[in-house]
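Working notes, beginning with the structure itself.
The values are calculated or read from the model by the stated rules, or taken from the named source; none is laboratory data. Predicted model only: the values in this text are computed from it and were never measured. Methodologically, a virtual Cβ is constructed for each residue, glycine included, from the backbone with ideal geometry; neighbour enumeration extends over all protein chains shown.
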Amino acid sequence: MGEQDIGNVIIALGARGGDYVEVYAPPSRELLKVAVKIGVDNIYSMGLYVGMMAPGIWFKPSLPLAHKLAPLCKSKAKCVEVDEAGERFFLYGRSVLSERVSGWKPGLVLVLNTRGEALGWGRGTITNIGGVKRRLLEPVWDLGWYLRRGG
Amino acid sequence: MYELLARVFEKVKTRASDPKVRELAERYGYKAYMVARYVEVLGWSGTQHLLEANEKPLTPTIRCNDYLIDCGELEERLEEKGYVLERLEFPPLGFRVLEKGVGSLGGTHEYLQGYYYIQDAASMSIAYALTPEPGELIVDMAAAPGGKSTQILQLTRDRALLVAVEKNPRRIRPLRSHLQRMRFSRYIIVLGDSLRVPLPAGADRVLLDAPSTGEGIIRRDPSRKASRSLSDLSYIHETQYRLLSRAISLVKSGGVIVYSACSLAPEEGELVIHRVLQEHPEVTVEPHGLPATPGVTSYFSVDLDDRIASCGRFWPHIHDTEGFFVCRLRVRRN
Ligand SMILES: C[S@@+](CC[C@H](N)C(=O)[O-])C[C@H]1O[C@@H](n2cnc3c(N)ncnc32)[C@H](O)[C@@H]1O
């Protein structure tokens, strides 16, 4: 079996009984060939899970993608870092105040803890709390999902 | 019913009516046919030890994911949270959790990062018998919730191509979740029946961790002492035999199959292997390399294929694990 990376192939699998589509990147040509033999209709999941698309959500990046991209935080990716208490809140699926977020920025961000480990995806928002405008980090998809919803 | 099984069951029934067997079964809450079989394999004293061991809940064990983290570091991080861990002698990446710390074992941040899997020590030994290698095509025919699937990719550093099959749509969710949590990507999860779904032929290795009566997990689920009957056992034997026959058709010549079952029942272990060896001259048994006791070769006056001694058993009262049967097979076609 070859060890070739094929990077640019994307597979979308329709979720059974749902109206969303899951997007995968098969890591090798061999994997793709085997998938074709099995038949896409029989496949539940394969390769790197990149994210999902659903009505109303253009694209929601996945947890495995957060881990894949975390090494790029030092250079290219848009990332923030939360402190220990912020990490706990975030993994419970709660918003984190910007005081606990280093490098807070608006919009979609990759969220790291102080060890540089990916915790998932968040969104920097500005919200009115009790008449005061607060900058928040809202969870988009956090690792706590594995516990709450992972199955 | 498989003729050999019918012969065995007649003798099991006779033994089960022995007052001493019935008394023991009643004392520990088992169906008498189960105890009758333990007495046949272990003798009276061994049976007592087994029944006593099954009364003690298992100490939780975890498998460190050394694909992502140094296991010493994981140990330190969990100990900082108040966990007390002890390394298992075997398998190498296993830890016994002597004391729990803050939060549940399945809810620590280390768990969410994919740094470990909660798994019994016998269960985490099975993948070693498969000796998976990078670059190989490997089929796991009964994969959920993913203990062994994740371990196959861990042992190959996510460099094998794993086809993980599961027929239960509810159980397939945790399978996917564990593979993703532990950050593997060289897998295809197939939702379907391993007996029928199209699967790639010519696999280098096939794991069949077969559906079973669960007689080996009484320490986790005491209801198994009395929830199954001899006819359930016969049904599950037939399923296991058919699945193993499909495994043989999937593996390439020279390829390896590991058959395992979390059961103490020879009907789900040795008798399945015996039947396959009788019907498939291209299949042989190979040493599995695990610290297990030998497979049973004589059962209720039925002599089984001698090669079955090279299969293995994990016993709650000997290994302090779940009860497990394991056998490594090699297929060579002319
Ligand atoms: C003993 S469990 C496997 C445990 C798993 N290997 C692990 O280590 O986590 C057996 C699994 O096989 C599934 N199963 C039973 N019959 C099957 C079949 N014909 N095809 C595919 N999966 C099957 C069951 O739903 C169950 O999830």
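Inspect all residues belonging to region B:44-63 and state whether any of them is touching a Cys at 6+ places or on another chain (Cβ under 9 Å), aliphatic (A, V, I, L, M), at pLDDT 95 or above and not in a helix (DSSP H, G or I). Scanning region B:44-63 turns up no residue that is touching a Cys at 6+ places or on another chain (Cβ under 9 Å), aliphatic (A, V, I, L, M), at pLDDT 95 or above and not in a helix (DSSP H, G or I). Figure legend. Inter-residue proximity from region B:188-217: first residues free of Cβ contacts under 8 Å to residues at least 24 places away in the same chain, second residues assigned to a strand (DSSP E or B) and more than 8 Å from the ligand (Cβ to nearest atom), beta-carbon distance below 9 Å, spacing 6+ or different chains. Indicated pairs: B:Pro198/B:Val190. Taking B:Arg275 as the residue in question, decide whether it is within 14 Å of another protein chain (Cβ to nearest Cβ), in a helix (DSSP H, G or I) and surrounded by fewer than 23 Cβ atoms within 10 Å (Cβ to Cβ). So B:Arg275 fails the test. When you scan region B:208-218, do you find a residue that is more than 9 Å from the ligand (Cβ to nearest atom), within 12 Å of chain A (Cβ to nearest Cβ) and of a type in the set (A, V, I, L, M), even just one? Checked against the condition, which is being more than 9 Å from the ligand (Cβ to nearest atom), within 12 Å of chain A (Cβ to nearest Cβ) and of a type in the set (A, V, I, L, M), region B:208-218 yields no hits at all. Applying the condition of being among the small types (Gly, Ala, Ser) and within 18 Å of B:Asp193 (Cβ to Cβ) to region B:147-178 and asking which residue is nearest to the ligand (Cβ to nearest atom) yields B:Ser149.
Entry remark, region A:107-149: residues being surrounded by fewer than 18 Cβ atoms within 10 Å (Cβ to Cβ) and free of Cβ contacts under 8 Å to residues at least 40 places away in the same chain number 16 in total. Kindly evaluate B:Ile172 against the criterion of being under 20 Å from the mean Cα position of the chain (by Cα) and at the interface with chain A (Cβ under 8 Å from one of its Cβ atoms). For B:Ile172, the condition - under 20 Å from the mean Cα position of the chain (by Cα) and at the interface with chain A (Cβ under 8 Å from one of its Cβ atoms) - is met.
Consider region B:77-131 and keep the residues that are within 16 Å of the ligand (Cβ to nearest atom), assigned to a loop (DSSP other than H, G, I, E, B) and of a type in the set (Gly, Ala, Ser). The one that is surrounded by the most Cβ atoms within 10 Å (Cβ to Cβ) is B:Ala122. For B:Gly255, the conditions (1) in contact with a strand residue (DSSP E or B) (Cβ under 9 Å, 6 or more places away or on another chain); (2) within 16 Å of B:Ala210 (Cβ to Cβ) all hold with the exception of (2). Looking at B:Arg228, B:Arg242, just one residue is farther than 29 Å from A:Gly14 by Cβ, within 13 Å of the ligand (Cβ to nearest atom) and of a type in the set (D, E, K, R), and that residue is B:Arg242. If you check A:Gly56, A:Gly14, A:Gly47, which single one turns out to be more than 9 Å from every other protein chain (Cβ to nearest Cβ), under 19 Å from the mean Cα position of the chain (by Cα) and at positive phi? Residue meeting the stated conditions: A:Gly56.
Go through region A:30-70 residue by residue and tally those that are among the basic types (Lys, Arg) and not in a helix (DSSP H, G or I).
1
So which residues in region A:74-92 are touching a residue at least 24 places away in the same chain (Cβ under 8 Å) and more than 30 Å from B:Leu161 (Cβ to Cβ)? Selection gives A:Lys78, A:Cys79, A:Val80, A:Glu81, A:Val82, A:Asp83, A:Glu84, A:Gly86, A:Glu87, A:Phe90, A:Leu91, A:Tyr92.
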